Every structure is written in structure tokens, then in C-alpha cells.
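What follows is one structure encoded as C-alpha cells, with my remarks underneath.
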Amino acid sequence: MVIDLNKEIRRAVDTGKVSFGYKICRKHLSKGEGELIIISANMPKNDKETLKHLAEVEDKKVLEVQDTGLTLGSICGKPFVISAMIVLEKGKSNILDATQ
């Protein structure tokens, strides 16, 4: 089964519970919350490594998309750049299948 990643990200935003931003992702990860972290291609390297490390410690999945933060914001239907986002509840999306 081929998954359209952009559609699944948008479906997670529309039907599930998602938070945006590096600091918010870090906060949720430190509490052990969330199912998946999505990172844009142009996120600063230090921030990217920090989120990956926290996700590894908390045994959470990380999905690094090839899109820029501006494109990721557009996919989510937001008028701003999104460098990182965390899926707290997937809703009706199959976004977790994209990481396997």
C-alpha cells in the first residue's frame, strides 16, 4: 500500500491532535507525550539533533520530510513556516504507517 505522505499529514492535522514548533515538540517529548515527530528538511541541525535524541530516549518515531518548513506549513494549511511538529493523536490518518 502506497501512502501519500502529504495527504496523511494534512489528515492528521484536520482530524487528530497536532502541535507545531520546536519548543512545543521538545516540551511534549520531555513529558513522554506524542506518537510521531515530523521534522522539515531545513530545520537547524542542532535543533534537529536535539529532537531526534529526545525521541530516541522516549522511544518515539521521527519522520524527516524532504520539504522545507514553508512547504510543510502549506501542507498543514497554516500561513506560517513549520520546522517541526508532533502528532499527539493521529485521528483518521495513517501517518504512523509512513514511518515503517
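The values are calculated or read from the model by the stated rules, or taken from the named source; none is laboratory data. Fair warning: this is a prediction, and the values are worked out from it, not measured in the lab. No Cβ is skipped: glycine too gets one built from the backbone with ideal geometry, and neighbour counts run over all protein chains shown. SASA here: full protein model, heavy atoms, side chains in, ligands and nucleic acids out. Shrake-Rupley method; radii C 1.70, N 1.55, O 1.52, S 1.80 Å.
Some points to look at:
- The set of residues in segment 1-54 being closer than 15 Å to residue 82 by Cβ and hydroxyl-bearing (Ser, Thr, Tyr) consists of 19, 22, 40.
- Close pairs (9 angstrom Cβ cut-off, 6 or more residues apart or separate chains): under 15 Å from residue 69 (Cα atoms) and of a type in the set (S, T, N, Q) in segment 25-43, outside any loop (DSSP other than H, G, I, E, B) and open to solvent by less than 10 Å² (accessible area, probe 1.4 Å) anywhere: 40/69; 40/72; 40/73; 40/84; 40/85; 42/69
- Some residue of segment 7-19 being under 18 Å from residue 90 (Cβ atoms), more than 12 Å from the chain's Cα centre (by Cα), modelled with pLDDT of 95 or more and acidic (Asp, Glu): yes
- In segment 1-80, counting only strands (runs of 3 or more DSSP E) that sit wholly within it, the ones holding 1 or more residues that are surrounded by fewer than 17 Cβ atoms within 10 Å (Cβ to Cβ) span 17-20, 61-64.
- Close pairs from segment 76-100: first at positive phi, partner open to solvent by 10 Å² or more (accessible area, probe 1.4 Å) and not acidic (Asp, Glu), Cβ under 8 Å, at least 6 apart: 77/10; 77/13; 91/11; 91/15; 91/16; 91/17
- Residue 93 vs. criteria assigned to a loop (DSSP other than H, G, I, E, B), of a type in the set (Ser, Thr, Tyr) and open to solvent by less than 50 Å² (accessible area, probe 1.4 Å): yes
- Of all residues in segment 48-75, those that are touching a residue at least 40 places away in the same chain (Cβ under 8 Å) have Cβ atoms under 6 Å from Cβ atoms of residues that are of a type in the set (S, T, N, Q) and surrounded by 18 or more Cβ atoms within 10 Å (Cβ to Cβ), 6 or more apart or on another chain, in 72/40.
- The set of residues from segment 4-20 being in contact with a helix residue (DSSP H, G or I) (Cβ under 7 Å, 6 or more places away or on another chain) and small (Gly, Ala, Ser) comprises 12, 19.
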